Amino acid sequence: MLKCTKFQWQQPRNGLILSSAFNLHCGSSPNALKETSKSNLPKEEHVSRFLKRKWALRSPDTKINQITISKDDVQQGGEYLGNVSFLNNPQPSLGDHMTRNNRQQPSFYVVRDDLLHPLVNGNKARKLDALLPLLEDSSVTDVVTCGGCQSAHAAAVAVSCAERGLKSHLLLRGEQPSTLTGYNLISTLYGNVSYVPRSLYARREEMLLKHAHIVAGNDGLVFSLSDLEASLFSHGCGEHSSHVDSLTKRSKKIAIINEGAGDAAALLGVVRLVEYLSRDHLFGIDQQLKIIIDAGTGTTAVGLGIGAVCLGLPWEVTAVMLADTIDGYRKKEESLISEFRRCFTLHLDEQMLTGLEPGLVHWVERSSPRKFGNILKGEVEICRKIAQETGILLDPVYTLAAWELATQLGQEECAKVVMLHTGGTLGMFGLAQRYKSYFEIC
């Protein structure tokens, strides 16, 4: 009989044991695998080999725009960025041209991950890039995750699962709105939504596990993503188990994805993006960059930092804190790095792992701090102004915060400034409901 507790299952006798660490070495000792990684290959080659796995996105490719900044003589629009104009170059010169050409005007670059998918875009797509094949290869039937009422993550999971014939179960914080719109509408159309009180949502891990077991019923099994990674690592190394086959015949296999896909396996999709951006025809490996991103759970920012360290890039990752305190983000960073090291130690060179320590991300306050989810007067007008001048749509809660910092640093820094557009623009529909007066634009 299988014992299933706290995201782990195990068979007491002669069966496969899953754990959150990659302690299954399939006939090869951990030392042997580490010896394989001890070579004179450059870091980028190590990472390239490490990333040879199944992905949800056919290619890591993404568009890159360059935004030129100019000061206006007369302030217009709202209170923020009102005296600044922007011009978008959708096909900037990259690669060697970046180092040869001196900047004539202040500017920054935007990685247009908002264009990856109509509904699953931005950092949501990057984190699911590694997770979705993991679910499919593990014969998962149901996925349980959680988020806010207008969670782009929850909607992305719902859409992605539906595209692959999986059932999603979404626990959304708070009460059902009177009118479904934005990501809340998408989640409802594609997934199975349950609204949970904020007091219950405060204990997320307990809430997710309990609901997953309800979905599983008497015959199903509940897994964490680290369980699935460990299982596939063992199976992929050639260790075939009839017990694994028996699991695929189970009526239900339920996987839990943490809020915002805050799982170590999700970091791989972000590392894949860093590897792509560091190619010679784009930003290269020698160019000093300041990477700017808005931080919800902070998972993507940590993934960017891990990717930069593993590849030995002179890139500095700065994340604008939106949903937690600096202590909370530092704890999240420490936890993700620890889990990443635990999961992927056997895959990466020891020298690369040495640099994976807390402090990869520079966490900063937003220029105008506020309670998470709130917007200030004038910010909707600024988003409209930027959209009209550049064709790039931002939202006041997340991406505008990163744009503000990129604009500031783009005028001050000698290093190139790169903003990662994290998508999430359908959240504007929910904001239009909540802040009706701010959207009365003539």
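The values are calculated or read from the model by the stated rules, or taken from the named source; none is laboratory data. Small disclaimer: the values here were computed from a predicted structure and weren't measured. Virtual Cβ from ideal backbone geometry, glycine too; neighbours counted across all protein chains shown. When the accessible area is computed, the model is the full protein with side chains, heavy atoms only, and any ligands, DNA or RNA have been set aside. Shrake-Rupley method; radii C 1.70, N 1.55, O 1.52, S 1.80 Å.
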Exercise. May I ask you to evaluate 6.51 cos²θ - 1.76 cosθ + 1.60, the Karplus curve with θ = phi - 60°, for each residue of the stretch 149-164 and list the ³J(HN,Hα) values in order in whole Hz, giving x for glycine and proline?
Key: 4, 10, 5, 5, 5, 4, 5, 5, 5, 4, 5, 5, 5, 4, 4, 10
Quiz item: What lysines sit close enough to Lys43 to cross-link, taking a C-alpha to C-alpha distance under 20 Å and skipping anything fewer than 8 places away on the same chain?
Solution: Lys34, Lys52
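Report the full-extension gain for the segment Phe372 to Thr325: residue separation times 0.36 nm, less the Cα-Cα distance, to one decimal in nm.
Numbers: separation 47, 0.36 × 47 = 16.92 nm, distance 1.07 nm.
My answer for the length gained is 15.8 nm.
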Quiz prompt | For the stretch 153-225: accessible area per residue (Å², 1.4 Å) | solution = 47
Quiz prompt | Which listed pairs, of Lys127/Lys416; Lys253/Lys371; Lys54/Lys253; Lys167/Lys331; Lys124/Lys436, have C-alpha distances above 29 Å, in listed order | solution = Lys253/Lys371; Lys167/Lys331
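For Arg342 and Ala415, calculate 0.36 nm times their separation in residues minus their Cα-Cα distance, and state this gained length in nm to one decimal. Don't jump to the answer; show the numbers that get you there.
Values: separation 73, 0.36 × 73 = 26.28 nm, distance 3.34 nm.
Difference between extended and current length: 22.9 nm.
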Quiz item: Packing-wise, with mean Cβ within 10 Å as the measure, how do 181-189, 112-120, 395-403 rank, highest first?
Solution: 395-403, 181-189, 112-120
Self-check item: Extended-chain gain in nm, criterion 0.36 nm per residue less alpha-carbon gap, His281 and Asp219
Solution: 17.1 nm
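Starting from the coordinates of the alpha-carbon atoms of the stretch 349-415, obtain the Kirkwood hydrodynamic radius over all distinct pairs and give the value in Å to one decimal. Show your work: numbers first, answer last.
On the way: mean 1/r = 0.0692 Å⁻¹.
That comes to 14.5 Å for the stretch 349-415.
What number comes out for accessible area per residue over the stretch 313-442 if the probe is 1.4 Å? Units Å², please.
On the way: 5790 Å² over 130 residues.
Heavy-atom SASA per residue in the stretch 313-442 reads 45 Å².
Over the stretch 399-442, consider all pairs of different Cα atoms and compute the Kirkwood hydrodynamic radius from their mean reciprocal separation; express it in Å, one decimal. Intermediate results must be reported in sequence, preceding the final value.
Values: mean 1/r = 0.0797 Å⁻¹.
Hydrodynamic radius (Kirkwood, Cα only) of the stretch 399-442 equals 12.6 Å.
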Practice problem: Starting from the Cα of His97, step 7 Å along the direction of its Cβ; do the same at Leu189; then give the gap between the two resulting points in nm. | Solution: 3.8
